[in-house]
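Since the structure comes first, as structure tokens, the remarks are kept for the end.
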There are 2 protein chains.
Amino acid sequence: MSDAPSLQVADDDLALLTDLYQLTMLQAYWKEGLGARATFSLYFRKLPDSRRFMLACGQQHAADVASRLRFRAHHLEQLAKAGPFEDAFLDWLGEWRFSGDIWALPEGTPVFPNQPLMEVDAPIAEAQLLESLIMNLVQLETLLASKAVRLVLAADGRPVVDFGMRRMHGVDAAVRGVRAYRSAGLAGTSNVLGGLRHDLPLRGTMAHSYILAHDSEREAFRAFLRHYPGTTLLVDTYDTLDGVRDLIALLDAEPELRLGAIRLDSGDLGALAKASRRLLDDAGHTQVKIVASSGLDEHQIAALVAEAAPIDVFGVGTQLGVSADAPVIDLSYKLVEYAGTPRAKRAPGKLNLPGRKQVYRRYDDAGQLAGDTLALRDETPPPGMPLLAPLVERGCLDARQMALAEQAPQRVAETLPRLPISLSRLENGESGYPLTLAPELARLAERYRH
Amino acid sequence: MSDAPSLQVADDDLALLTDLYQLTMLQAYWKEGLGARATFSLYFRKLPDSRRFMLACGQQHAADVASRLRFRAHHLEQLAKAGPFEDAFLDWLGEWRFSGDIWALPEGTPVFPNQPLMEVDAPIAEAQLLESLIMNLVQLETLLASKAVRLVLAADGRPVVDFGMRRMHGVDAAVRGVRAYRSAGLAGTSNVLGGLRHDLPLRGTMAHSYILAHDSEREAFRAFLRHYPGTTLLVDTYDTLDGVRDLIALLDAEPELRLGAIRLDSGDLGALAKASRRLLDDAGHTQVKIVASSGLDEHQIAALVAEAAPIDVFGVGTQLGVSADAPVIDLSYKLVEYAGTPRAKRAPGKLNLPGRKQVYRRYDDAGQLAGDTLALRDETPPPGMPLLAPLVERGCLDARQMALAEQAPQRVAETLPRLPISLSRLENGESGYPLTLAPELARLAERYRH
């Protein structure tokens, strides 16, 4: 594909993925010599109605991108034409490397309103420059992991597999989304590139078109079983239970064929799973599994689990791939300190907490999450475990923290049993999860309140 | 960024962006010698509740990708490890090029349920292989263009500018989204890479953090005006109207400063725009424009236009960037013909129209869209203008059709005044837009109905 214009965004071009005002502000700071250190905090003010917590994800990727960001000569040429940029500034930009620190929650940490997912400490221009890109990168994975973990909770131990690549918003979402799914605990993905790149097992069945391309359903079943012993067959192209009966007849007639699972993709999945299970068991195919898909979300999965539908694997697509019930997080990236002084915009009715922060998490005697304290990073630590740690120091990735971030799937798997019911339940509603402010932060916040 | 693992998906890797079952089905067809031509049709069954039409976009990009798709040696190695693929098949895959035809609606065409956005005619395995990728690529642009055009309709001639890069789902969405916005008629974008790549003017103002980093709002205003004569200043960091008054005082005191516009980003935008306009006009600054942003959607824009709020430019972000009220289109990519015979899945309650199709669009005497006829591609043409045309023939892009696709912005601009009120109004509801089936298609569909 080398002779035609590039279709995808190269790593090298990510420096230009920003809002124009970041660059004009950057030049202004540069001209004014406003080089003092600033801290920007990435957080959200409120949860979507349909979420009781979010699962922070993508901070590691964002830190990785930030530490590698460079403006190349061709970028500078483009900027010279596109905006009010001076040559001396562009020369400086060409030499620029991110020199600051990035603190972040470990990936896979449940996060609540007003808690920083990340804090960027750097000369103000540098910290400002990262805003748009960091928000874009972190939102995607946090959104998708936060949706995916609800499916995992709903399935109550049964594997959940991603079938949604085709519904996601473009290529980067589709590929990096799999990283978020892996963190959240999904068991597999149909997405080849995403699964290969982010180490989630590949899963696949067949499409209706394969059945339709054969002269009969039975002929399609036979052919696919011969190609792929132990495979999963889609049985609902014409009539689901007729399909199952026909398949059983085929297996009886040709006992060398080995079936792994059937997939139900339409109709009343609970009733069809029960009826299919009965047909399969009565014919002695007790080891054949049942995969169900078809517009599933966490509520439908929970209902199927509650009615004890004999479904072994849930395949999810549309509702997961765009986090359809909450497709956006209203993330903020706000200046909270400049030149050693806490800062905050004063906005009526909005809580803007100044200062660099740390989150301390407490657990009760049974090991359940019991509440958080939000504190200034430098005040006397309140009880609880501090959550934010530096991923980037003086522009360099911290290898140990980056390796810890890789453990998001284990972290989530350990965390889910520790969620109180008020956090793990799927219905809309307030969790009442306690978030208190430590004394110094509370005092400071009071001064910035209207 | 060359020594670290790639962060983005390279053009070359798009062949792997597919669902696993596409590749297992492909191998099955290859083994079975099922090489007859098939047609797959890309369409949606119903509109989202909040849409009266969709604007088809992204077909050109998808065709471009399809025509360039190649499996490289390292892909084949990965596939050999990842799935049940035979060496001979992988050798064949390494030689494979798309050899079929792709028909598509011109980008920027209003499209309705059951109308093909694209049809792929190719040996079945090839047409099947493209499914997941084409759906992913076309959905993104169609979703975003369909949302963006509603903002354009609501703004009734006032420019609408995209500020939403940070809210979009990852990098590809953010960059390719700008292509869709341009097609839909947006006037600019804050997104530097997206705007540069897809030729939409760059626009930018300033962030609250710039104000907060200065000792006073007035000092920040003065500094930014000196750097960027004629710029836009954000006036709501502390109190909007105090900010405007202070700015006027500054302009009076330092008449060499030149202000282009103010930006309102919170509060009651209509009331604040009126009050700000009055303050500016009374001080003689009648040429200063007003930009409004802050969670705007088409309904809020329409309300502001209806109350004659003196807003010159609307900036939109969150609601646009993920098409928040309709973040997914339930696109289908269905086998409609195989080996010269129409095919369709029979599903109770669902309309599955077999056969290769063409859409004929009629206009009334006043030039307004009057209705469409869906016909088999080869049946006697009904009245109206045929809309689908070949973008790819025998695997090669048709340069003339690809150039026509570039004219999407002009096409949309010409189309909007031709939409009847039942299509252009923003409220939810049925448009009643007439879609009829031509006789041959109707006869065929009858045979496939339950």
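The table that follows gives values for the structure above.
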{"item": "Chymotrypsin sites (Phe, Trp or Tyr not before Pro) restricted to DSSP loop in region A:166-266 with at most 12 other C-beta within 10 Å", "result": "none"}
{"item": "Largest to smallest accessible area among B:Arg197, A:Arg258, A:Arg411 [probe 1.4 Å]", "result": "A:Arg258, B:Arg197, A:Arg411"}
{"item": "Calculated log₁₀ intensity ratio I(q)/I(0) where the Debye formula runs over C-alpha points of region A:146-321, q = 0.15, 0.16 Å⁻¹", "result": "-0.84, -0.94"}
{"item": "Fully extended contour minus Cα-Cα distance, from A:Gln287 to A:Thr436, at 0.36 nm per residue", "result": "48.5 nm"}
{"item": "Paramagnetic reach from A:Trp92 (point 7 Å along Cα→Cβ, amide N under 14 Å) across region A:322-359", "result": "none"}
{"item": "Choice from B:Ala15, B:Ala82, B:Ala303 with maximal GNM fluctuation in chain B (Cα, 10 Å cutoff)", "result": "B:Ala82"}
{"item": "Computed lengthening from A:Arg258 to A:Arg443, 0.36 nm per intervening residue step minus Cα-Cα distance", "result": "59.7 nm"}
{"item": "Of all accessible heavy-atom area on region B:1-104, the percent that carbon and sulfur account for (1.4 Å)", "result": "50 percent"}
{"item": "Sites matching trypsin sites (Lys or Arg not before Pro) across region A:32-77 that sit in DSSP coil, with at most 15 neighbouring C-beta atoms within 10 Å", "result": "A:Arg45, A:Lys46, A:Arg72"}
{"item": "Probe 1.4 Å, all protein chains present, accessible-area order of B:Asp162, B:Asp246, largest first", "result": "B:Asp246, B:Asp162"}
{"item": "Potential extension, A:Leu351-A:Cys396 segment - 0.36 nm per residue separation minus Cα distance", "result": "12.9 nm"}
{"item": "Centroid-to-centroid separation of region B:393-440 and region A:169-193 [C-alpha atoms, Å]", "result": "33 Å"}
{"item": "Estimated FRET transfer efficiency (A:Ala339, A:Asp199; beta-carbon r; R0 35 Å; 0.05)", "result": "0.20"}
{"item": "Anchor A:Lys289: aspartates and glutamates whose Cα lies under 12 Å away (excluding residues fewer than 8 positions away in-chain)", "result": "A:Asp281, A:Asp312"}
{"item": "Set of region B:282-297 residues, backbone N closer than 19 Å to the point 7 Å along the Cα-Cβ line of B:Arg158", "result": "B:282, B:285-297"}
{"item": "Rounded tilt (10° steps) of A:439-448 against the dominant C-alpha axis of chain A", "result": "70 degrees"}
{"item": "Among A:Ala213, A:Thr380, A:Leu264 - extreme Cα towards positive end, dipole of chain A, charges at beta-carbon", "result": "A:Thr380"}
{"item": "Between B and A, accessible area buried - total, square angstrom, nearest 100, 1.4 angstrom probe", "result": "9300 Å²"}
{"item": "Expected 222 nm ellipticity per residue - DSSP helices of 4 or more, -39500 (n - 2.57), all of chain A, to 500", "result": "-12000 deg cm²/dmol"}
{"item": "Sparse-neighbourhood loop sites, trypsin sites (Lys or Arg not before Pro) in region B:289-347 - DSSP loop, at most 16 other Cβ within 10 angstrom", "result": "B:Arg346"}
{"item": "Over chain A - Rg/Rh using Cα atoms and the Kirkwood inverse-distance radius", "result": "1.05"}
{"item": "Protein accessible area in region A:146-321, 1.4 Å probe - carbon and sulfur %", "result": "47 percent"}
{"item": "FRET efficiency, 1/(1 + (r/R0)^6) with R0 22 Å, evaluated for B:Ala389 and B:Arg418 via beta carbons", "result": "0.65"}
{"item": "Helix B:170-184 axis, angle to chain B major axis (alpha carbon atoms, nearest 10°)", "result": "80 degrees"}
{"item": "Cα pair distances exceeding 53 angstrom across the protein assembly as shown, given as percent", "result": "15 percent"}
{"item": "B:Phe44 long-range amide H proximity, modeled H, under 5 Å", "result": "B:Asn114, B:Gln115, B:Ser332"}
{"item": "√(5λ) per eigenvalue of the Cα gyration tensor, region B:179-275, largest first, Å", "result": "27, 16, 12"}
{"item": "Spatially proximal lysines relative to A:Lys357 (Cα-Cα < 16 Å; intrachain offsets below 8 disregarded)", "result": "A:Lys334"}
{"item": "Value of Rg to Rh for region B:270-335 (Rh from inverse mean 1/r over Cα pairs, i.e. Kirkwood)", "result": "1.23"}
{"item": "Calculated FRET efficiency for the pair B:Ala80/B:Lys31, C-beta based, R₀ 25 Å, to 0.05", "result": "0.95"}
{"item": "Nearest 10 degrees, 0 to 90: helix A:240-253 Cα axis against chain A principal axis", "result": "60 degrees"}
{"item": "Rg and Dmax of region B:1-51, Cα atoms only, in Å", "result": "18.0, 48"}
{"item": "Copy-to-copy label separations for A:Ala253, where each label sits 7 Å from Cα toward Cβ, in nm and ascending", "result": "9.3"}
{"item": "Surface accessible to a 1.4 Å probe, per residue, for the residues of the protein assembly as shown, Å²", "result": "35 Å²"}
{"item": "Rel. contact order, % - alpha carbon contacts under 8 angstrom, at least six apart, chain A", "result": "21 percent"}
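The values are calculated or read from the model by the stated rules, or taken from the named source; none is laboratory data. Please read all numbers here as calculations on a predicted model, not as lab measurements. Here the Cβ is made from the backbone with ideal geometry for all residues, glycine too, and neighbour counts use every protein chain on show. Please note that ligands, DNA and RNA were not included when accessible areas were found on the heavy atoms of the full protein model with its side chains. Shrake-Rupley method; radii C 1.70, N 1.55, O 1.52, S 1.80 Å.
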